[in-house]
1. Out of Leu21, Leu9, Leu29, which single residue is closer than 18 Å to Ser91 by Cβ and not β-branched (Val, Ile, Thr)?
2. From the list Ile45, Ile40, Ile88, pick out the single residue that is of a type in the set (Val, Ile, Thr) and touching a residue at least 60 places away in the same chain (Cβ under 8 Å).
3. Within the stretch 35-86, work out how many residues are open to solvent by 60 Å² or more (accessible area, probe 1.4 Å) and in a helix (DSSP H, G or I).
Amino acid sequence: MAGRGASRLMLTVFTHNRCQLCVDAKEALQHVRKQVPFEITEVDIKKPGNEKWFDEYKYDVPVIHANDEFLLWHRVNIDDTVQKLLAIQKS
């Protein structure tokens, strides 16, 4: 049965509103999601309250975490990301 014994995946995309790489990454993640289901949230690093993330990622967005752990940054390679997420699910 699908999902039995597999970890639930939660992706967090650190982004801001003037980031074309972020737009591209979110589009690629939709293709990844067709193969590996996950929940997704976005954190705008420029919004008040997100100063920690701005300080950490201001030059590197998009940055994507899976289950609160760093997964990747800048560009989403669909095949590589699918493989990484499948490995996380099995762990």
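1. Numbers: Leu21 fails: closer than 18 Å to Ser91 by Cβ; Leu29 fails: closer than 18 Å to Ser91 by Cβ.
After applying the criteria, what remains is Leu9.
2. After ruling out the rest, the residue left standing is Ile88.
3. Adding up the residues that qualify gives 10.
The values are calculated or read from the model by the stated rules, or taken from the named source; none is laboratory data. These numbers come from a predicted model, not from an experiment. So basically every Cβ, Gly included, is an ideal-geometry build from the backbone, and we count neighbours across all protein chains shown. Quick note on the areas: whole protein, heavy atoms, side chains included, nothing else; ligands and nucleic acids left out. Shrake-Rupley method; radii C 1.70, N 1.55, O 1.52, S 1.80 Å.
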